[in-house]
Each structure stands twice: as C-alpha cells, then as structure tokens.
1. Each residue of region B:350-366 in order: what ³J(HN,Hα) in whole Hz does its phi give by Karplus 6.51 cos²θ - 1.76 cosθ + 1.60, θ = phi - 60°, with x for Gly and Pro?
2. Once you charge only the Cβ atoms, +1 for Lys and Arg and -1 for Asp and Glu, what is the size of the charge dipole of the protein assembly as shown about its Cα centre, to the nearest 20 debye?
3. Ignore the peptide's own chain and count Cβ atoms of other chains within 10 Å of each Cβ in B:37-49; give me the average, rounded.
4. Dipole of region B:1-97 (Lys/Arg Cβ +1, Asp/Glu Cβ -1, origin at the Cα centre): which of B:N87, B:S33, B:T63 lies farthest to the positive side?
5. Distances in nm, one decimal, shortest first, from A:T540 to the same residue in every other copy, taking the label point 7 angstrom along Cα→Cβ.
6. Divide by every residue of chain A the summed helix terms, -39500 (n - 2.57) for each DSSP H run of at least 4, and state the resulting mean residue ellipticity at 222 nm, rounded to the nearest 500 deg cm²/dmol.
7. Only four residue types carry charge here, +1 at the Cβ of Lys and Arg and -1 at the Cβ of Asp and Glu. Report the dipole size of chain B about the Cα centre in Debye, rounded to the nearest 20.
8. For region B:538-562, state which residues have at least 20 Å² less accessible area in the presence of all protein chains than in their chain by itself, taking the probe as 1.4 Å and leaving out ligands, DNA and RNA.
2 protein chains.
Amino acid sequence: MDKIFRVDMSKLTTSIEDVPAKWAGLGGRALTSTIVAEEVVPTCHPLGPNNKLVFAPGLLSGTAAANSGRMSCGAKSPLTGTIKESNAGGTSAQQFARMGIKALIIEGLPKDDKWYGLHLTKDGATIVAADDLAGKGNFAVIEALEAKLGKKTGVVTIGPAGEMKMAMANISVKDPDSKIRSHGRGGLGAVMGSKKIKYISIDSEGAPGVTVADPEKFKQAARTFAKALLDHPVSGEGLPTYGTNVLVNILHEAGGLPTRNFTLGQFDGHDKICGETMHDTIVKRGGKPKHGCHAGCIIQCSQVYLNEQGKYVTSGFEYETIWGMGANCCIDNLDDIAEADNIMDDIGVDSIESAVMFGVAMEAGILPFGDGKGVIRLLGEIGKGTALGRILGGGTGHVGKAYGVTRVPVVKNQGIPAYDPRSVKGIGITYATSTMGADHTAGYTIATNILNVGGYVDPLKKDGQVELSRNLQIATAAVDSTGMCIFVAFPALDIPECLPALIDMINARFGINLTGDDVTNLGKSILKIERQFNIEAGFTNKDDRLPEFFNFEPVPPHNVVWDFSDEEIDAFWNF
Amino acid sequence: MDKIFRVDMSKLTTSIEDVPAKWAGLGGRALTSTIVAEEVVPTCHPLGPNNKLVFAPGLLSGTAAANSGRMSCGAKSPLTGTIKESNAGGTSAQQFARMGIKALIIEGLPKDDKWYGLHLTKDGATIVAADDLAGKGNFAVIEALEAKLGKKTGVVTIGPAGEMKMAMANISVKDPDSKIRSHGRGGLGAVMGSKKIKYISIDSEGAPGVTVADPEKFKQAARTFAKALLDHPVSGEGLPTYGTNVLVNILHEAGGLPTRNFTLGQFDGHDKICGETMHDTIVKRGGKPKHGCHAGCIIQCSQVYLNEQGKYVTSGFEYETIWGMGANCCIDNLDDIAEADNIMDDIGVDSIESAVMFGVAMEAGILPFGDGKGVIRLLGEIGKGTALGRILGGGTGHVGKAYGVTRVPVVKNQGIPAYDPRSVKGIGITYATSTMGADHTAGYTIATNILNVGGYVDPLKKDGQVELSRNLQIATAAVDSTGMCIFVAFPALDIPECLPALIDMINARFGINLTGDDVTNLGKSILKIERQFNIEAGFTNKDDRLPEFFNFEPVPPHNVVWDFSDEEIDAFWNF
C-alpha cells in the first residue's frame, strides 16, 4: 500500500500516513498541486512556516513504462508567488514509487539554525544532522552521501543558492551516473533551504516495488508506446542525435531565437552553439552524444560534454540553457556555456532563469554582452553570496528592479524562455496564461508552430494560438501527472496508437478504466486547481500578460510585435 | 487663468494647455490622482515610456492661508506598483500656484542617454541640458542652480538614487532656507530619473499670483483657521516645541514603538532619541527648535539640528526617521541618526523606507542592530550604487527578497512606518487598505488611538478601527487636495470652527459654495479613483493585508497579534 511520508520541521518529527481516498488516483503534478492547494495558505510567505514542499512520483513511475521516471516537486514559489510544479528526471521518482511513497510532504521551519538531512527508507523518514555538508556544492553532497551510504543511494539536494534562499535556486536530483538533473524552475530550492534541509538521501533497499494489476495488458501497451516514441522523427531521431539543442538552428531560421536580451530574433553566432556543432564536438572529444536522465528513457536527449582535454564538463546540457547563455547573452563559445552549466548544477540555480537573468544583467551594464568568462565569474559570486551574487540570484525580475531596467522578459516574475512570443505567438499565450509563470513546458506550442507536430499553426498569425495553447496545457498537466517525460507529447500528437497506449498502461497499472476524456478532464481540473490557488494568492487576469515592451518593440527579422488583446488572452480560460 | 504645463521627454517638447473643465475644481492629490488615472495605463512599467509624473499644488496653495504650501506629486509607483501621491513642503507649491501652473505633466522618455533640466517660468517650460549636474547630490544641485539662477529660484531635484532609478528614491524640494523637503514615499524619484530629468528650476518672477474671489471672506476665514491651529494642544504646542519627534516617548509608553525590526513594542534607548532630548540638544548647541517647511507655516514642527561643534547637520528631522533609524534599528545615538538624515536628503532616498529597510538589512545580517556608523557607511554605498547599495536602494521588500528574510514589514511592498499595527490597531487598517501601500499619513488613526484627538478609540481593541480609518482616509484625501499640511487634522477634529473655516477659504478663493458633504464626497471619490487604478493594475483585496508574521508573532509589552479577519478589513471599502 502506498503511503504519505510527512515531515514536520518545526517539531522535527516524521510520520507515515495512509493515502486519503481523494488522492488515490493522483500522481506527479496532479498530486503536488492538489496537496499544495489543500494544505498551503495561498497568501503565505513562500519562505515562511506556512509553505510546504511536496514531492510526488508520477502514476507510472517505477514501472517498466518507457520514459516514466519523472518526479514532481510542488510548493508556493518564492520566485513567482504562484503555485509551482517543477519536474525532474534522475533516480528519485522510481525509488519513491518502488518504496511505496505516494508523496513526501515537508512542512514547518526548524526553530534553530542548524542544517538537516532527511533519510528515507521504505520504513519511514529520519531527520539527521547535516551541518557538515552546509555550504557544499551539489556534486560534493552526492559524493559524500555515496561514500557514506553507498553508490545506490538516491540524492535530492540543494546547493549554496538554495541554502541562501535565492529565488532562482533549484533542487538537484542525482541521475543514474551520479550527475545532476534539476527541479529547475520557480525557486523551489529556496523553499527547501528555508526548511533547513540540505539533502534527502533515499535508500530503496528492500522496497516492495510497484504492483501492476494487469501485467499482460501493461506489457502490450508499454511495447506499443515505446515503439511510438522510437518511430516519431522528433523523439526517435532529432532528440537522440542532437539533444534538445537541435532547436538552435531551427529557431534561428524561424526568427524566433531571442537574442541580445530579446531585441533580435536571430543570432549571428548560431552555428557555433547549435546542436549539430555540439554533437560533432562531443563525438570528437570522446563524450557521449546520447544519455538518459533516468533509467528506462529511450529518447536519450541528454549527453556528456567533455572539454578539449577530454575531461567531463557537463551533462543534461539543454537547448534552453544554450540559447540563453548563447544567443540571449551573445556568447558564441560553447565551452564557456558548458562550464557555466556545470557551475549552475553545482551551486544549484535554474539554468533558464539564470540565462534570462544574465541577459538583463548585461542590459543593465553589469557585464558586456558576449562575456562568457564574465558569466562564469559572476556565477561564482552567486555561489558565494556576495552582494552582487544576491542580486543575480534573485532572478531576472530582481535584477531588473535593482537596476531599473524596463526590458525585463518575465511573466509572473519568471524569466521567459527560449522562444520569442512575438514571432512564435502560440508560446506567448502559454507564457501569459500558465499557472506557473512563463514556462515553455506548460504548453509547448513550438511543436505545432515550428516543428509541424500535431498539424501546423502559423507562428506569425494569431489564429488558432489560444486553442493550441489551451489543448497543450490541458494535455501537459495530465502528462505531468504520469511521470512521463514531456517529449512523449510528440508521438502522442502524431501517432494514433500512442496516447491510447499511455492510458492503457495507467489502466493496467491500477486496474481501472480511464478513457481519453477522463485524462483530458484530469488535465483541466489540475489547471483549475492551480489557477484557483493563484487567485486566492491575489493573482488576476492582469498577471496573465507579457511585459509591455513586447507590444511596442518589433523583433527582427519579421518585425512583429505581440498583438493579442486582453480579451483574446483571457479567452484561454474558457473551458 | 491657470494652465497645464506638459512636457514630452520622448520628443523633447513642451506645451501649455488650458485646464479641462473636469479638472477645474481639483488640486493637489485630487488632481494628480485624476490625471494619472486618466492618462497612465495602469499595467505599464513604472519606469517605462507610458508612466507620467505629475506635480500639482493644492487648491489653497499660493494664498495667505496658514500651512497651505504643500505640493502633490503623482505617478504609478515603482516601489508599490500602485497609483501614488506624495506631498511635500518647500517653495515649489506656492511658486506653481502664483505662476498659474495648475499642474505639470511630464511624459515619455528621451531616446538618448543625456540628462536634462526643466526650467519653468510663468510663460512655459524649457528643456535644458543638465549633464553637468549628473551624479551630484541634492544640496549641490540647489547650490549650483542658486548660483546660476539666483537665490530665489525654486528647485525640485533628484539625487544619485533617483538617477539610478532606485525604488526608494525620492524627489527633493528646496525649502525657504535652501534646505530640503521631500516627496518621500513610493520611489517617485526613480520615475523622474527614468525620464532623465535631474532637476526642475522655477523662476516665479512676474508671476500673476493667486486671485481670491472674495478677499474679505477669505481673510476672516483664514484668521479663524489660524487661530484653531494655534489653539490646539498638538498643533499649537506639542509639535512646535518638540517637533514630530514628540512621539517617541508617547509611542514607547503605548507599547506601539516598533523596535528591532518589529519584534518589540518598546525601545530601551528611547530617552536618548526622544523629542525632549532632541529639543534640549538643539537649544544647547544653538540650533533652531522651530522651523517651517514652507512660508506661511505656523506650526513650525521642523527644526535645525547642529552637531557638537555647532555646525548644521539636518532639518526636517522627523519622528518617523528617528523612530526607524533609532528604535527599529536599535540605534540610540541621535547624532548618528541626524547625520544619516542629512545623507538621505543629499542622495535622495525616502527616510522612512530607508529606516524600515535597514531593520530588515540588520535582520538579514548585513550589519548588526545598533550600528549607527554602519548605516552611515551603507548610505554611502547606496549613493555610489555599489551592488550592495543597489540591493538596499530597492527598499524593504527588495532587501527581504535578496536575503530570503520573512519578517519584512511592508504592505504593497512599501515599508510600514513608525506605529506597530498590533498594538495600535487602527493604523493597521490604514496600512492594509491605503491605496498607497503602508502609509501612516493616509489615515492617521494615531490621533484618536493614542493622542485622544477627535475622541478616543482603544488602540488594543478591534472595535471602531475600520470606521476610524475610513473617516480619516476620506478626510485626508480631501485635505491632501487643498495644499494643507496634514497636521491641520488635529484642530479640524477637535475645534468646531476649524473645518468650516477651511471650507470657507476654498469657497472664498474660487467664489463657490462647497459644503462639508461636498468635501467628504471629494475625499471618497479620490479614494475610489485611486483604488480603481490599482484594480486595473492587478491589485485585489489580497493585497490589502499585513504581512503574515503580524498574525502569529505577538509584540510585547501587550503581547498582542494582528487579529482582523479578511472580511473585517474588506469592510473598509463599504462607502
């Protein structure tokens, strides 16, 4: 029987609870958002005693289903003030699921100023002293815990940024190679830091594993599903070969690659940082062009990037990071960006928020555009918590406020990622309306606007964008609840057998009979629960807007502005 | 005929317009808030091209009415994101009124990066180059302009903080002694800085002066009004003798003197910083215990504070500054606080926001509580715009975010002033509901909660506080439109002839027949216009709340918490 693990950091106690019936059918984002909505006062201070940090594996995590190893983490976000779900790969989701941990809820704040670790076994959670690891980077934490607890131990950790409660601090998760995946967005590392938890170690020894109600049906569906993933040109070919960084050249061609802090739509240096160049560099240096973020991933869009001397630099080196440090900061040196990526993993900051933030920092004159070495140096200041580091660690909006910058690409104070909303209009609707603040993964219209997946909606026209974003956001909320990687959306949109196979796996796992409509309704209900939380926190439709500079600064080469009316945007919520 | 002076900084043009009929009966806050509500897009970036900065003297400014020399300045606030009106003494209101300038509206942003000055004469506004004064402190600007334009020139200026668009930058106004009064709250100096206007110089030579429709009636009413001011124990005796700093001991006794970043209600060092000590110190050193912020002030609550060597240190040395740097930062050295006050005047930051901010900075560990020399040093960093200075210059909420502090006393991101809302509950309603963010002057319930003016409402009980704050906020909005100093409220609340005399002066000035109800209705309509702007900017009743720590941290000595329900607070707006 699955259980809820609950940790009260005010009393320094832990408990195990039965799963309430109302939560039984939920997993991943559906569960974290439901728990946060039920248990967190929407107006609370995100770093105060009334916020809670919730981890929940997806409904299919721990099974043999391909790409099902994602973990959701939820709380009220210190960056946005909204509800937040951020999911990550790594080993923790599958461990949780096999150990029967439906969710881990961490509440309260300790009264003293010590650092703690949380050790999880199938029998419960134990709070342990962790002052010895305070101040350490994430790689050192993983190394220390593996040395102490064994190589198989799972690790969820925060770096110095999380300890310092910086609003762009993330939560790092050990991946199968003891490298790092991240609950990146929304500053959840600061929430973990506020609760004085440096790490969670996971010992899944003796875990009962996941029970599948109808193993034969599951196996059949899993096979169909995996085949669809491998058959689709994006998930079966583009992503495995070039990683997500395949997008640099595609977005450059489309004129939707935000460049020089969102003043241009194309980057002259795109050739030097694109997926093709990265692939060749990795191969030449003996790195791995393919790598999975969790066991059972068959897309393998990650990679291992080495330096010229053949030494490890980074993995999980994503398009959004490379776009952000690259085009948006005008840095055309991939090695500098890779080194920055490694430092961000180690100090524990969201690489998207950091990249968007550095664009604004360059606009503010803190460092010149194109200064890769300067970015590396300033990441060091963030890790040390110097005054400048504190400004930068607060994220894009915080830097904008500190320096009085007006070209600040954020929605609900979260940095706008790698796709210009003026020239890829569908994603602008997602940025504006997402319950999470600007988040491309919330409703990835790039699929249909740019990649011709699930049909085609002209990125430069307004027609159909609201519907596109709405359908994708609903579907994504549901997918984020299964533990599936978001890239299953590509085959799900194009290959007719894919989505039914996914639903069949859920039905076979739990012995239930969900229909496609049930899944859609789940997605809708998640979005509405999240939106209601935000409304009760004080958000209104005025927050569902892009920054005004998009309205009056045309972006080359198409020289288009953001031209949706308030009414058109607000129609998103008509469902 | 009064005129509207309009300056377009995008085109670098100026114009003179007739006063639209709908604005004819408005002045001060009524006029600035009306113009901002009509002409500024509520969702605009406060530092972007769509915000406007509006100055308007009060309806009685420029006349012989006692205490009528206040100038209102309005815009969308970079600190709060709300509409903002901040009024100040000095010489500008009377000059504007005598020159027939009903309002000055500054809009747009220059395309280049140069600094400009604005020179006003009765014939219009001229934009002049001002790069030579960029980076200069306010005292140096006043000195330079007096040297160039003569001693009589009026000056409105921003210091380095405004140039750097810091959210706690104020706008300084030359007073009759060439010292400084401030449009303090809400970061309006950053709006002026965003428009690249370093100063406004005012040459009122040949100004036509104010026409009074019924001089005899005016004279009679003015006499009655002035007598009421002088007869009331607060405005006629307490304030003239000890200045506003008379309140340190009173609030200490009441247990409502926020101390050590709002963790205590009494300050052990109160004797060393109180009004009585300050008065004796000023007298002993040969300073001036009485001083008016504008010509025609008969309360004279300002003073000139000298150091031990008898040299000028500061004037306009207010209770809220002394409370904030004193009790709230645990600094018991009045000379240090005076020096800090002088620096704040010079670099151009709001002394209330600064004081509340330093309490949070001390809580964050940036400097120790009680470190007066440290405050002086860090004010220097603000003036220089170091990284730490940028953090501090962003105000209380900004420092809280940069360092992950949860005890952050702000409402709508504006620092809570000198009266603890837990032990003086009426002022908590004002902080929560004011359209301006936390602002004691918006509805000064201290009068009735503590000073027994206008009756008595027990500060520790909830009964009657909402009505008290509502009535005072309505009355204050009206008074802020007359050019009157807020302290006329004391006699107005207690002496029956006072308020009718004030209305008679307005009627005599314009040849109209306002009744008391008309004035009340004006106050109500101003509040509603301001609130509507805020709603359109995205504010809701969730923003009308005090920070949650007031709910669960009792403040000694009464050990009370803030215990109003949401419904009780929201009832404020039932009028």
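The values are calculated or read from the model by the stated rules, or taken from the named source; none is laboratory data. What you see is a predicted model, and the numbers here were worked out from it, not measured in a lab. With ideal geometry, Cβ positions are generated from the backbone for all residues, glycine too; neighbour counts draw on all protein chains shown. Accessible surface areas use protein heavy atoms only, side chains included; no ligands, DNA or RNA. Shrake-Rupley method; radii C 1.70, N 1.55, O 1.52, S 1.80 Å.
1. Once rounded to whole Hz, the list reads 5, 6, 6, 4, 4, 5, 5, 4, 5, x, 6, 4, 5, 4, 6, x, 5.
2. Working: 110 positive and 132 negative charges, 137 e Å.
My answer is approximately 660 debye.
3. Numbers: counts 0, 0, 0, 0, 1, 1, 6, 2, 8, 2, 6, 7, 4.
Partner-chain Cβ atoms within 10 Å, mean over residues of B:37-49: 3.
4. It is B:N87, whose Cα lies furthest towards the positive end.
5. Between copies, matching label points for A:T540 lie 0.9 nm apart.
6. Values: 24 runs with 224 residues, N = 575.
Calculated from helices alone, the mean residue ellipticity at 222 nm is -11000 deg cm²/dmol.
7. Details: 55 positive and 66 negative charges, 264 e Å.
Using only the charged Cβ atoms, the result is roughly 1260 debye.
8. Listed by number, the residues meeting the 20 Å² cut-off are B:G538, B:T540, B:K542, B:E548, B:F552.
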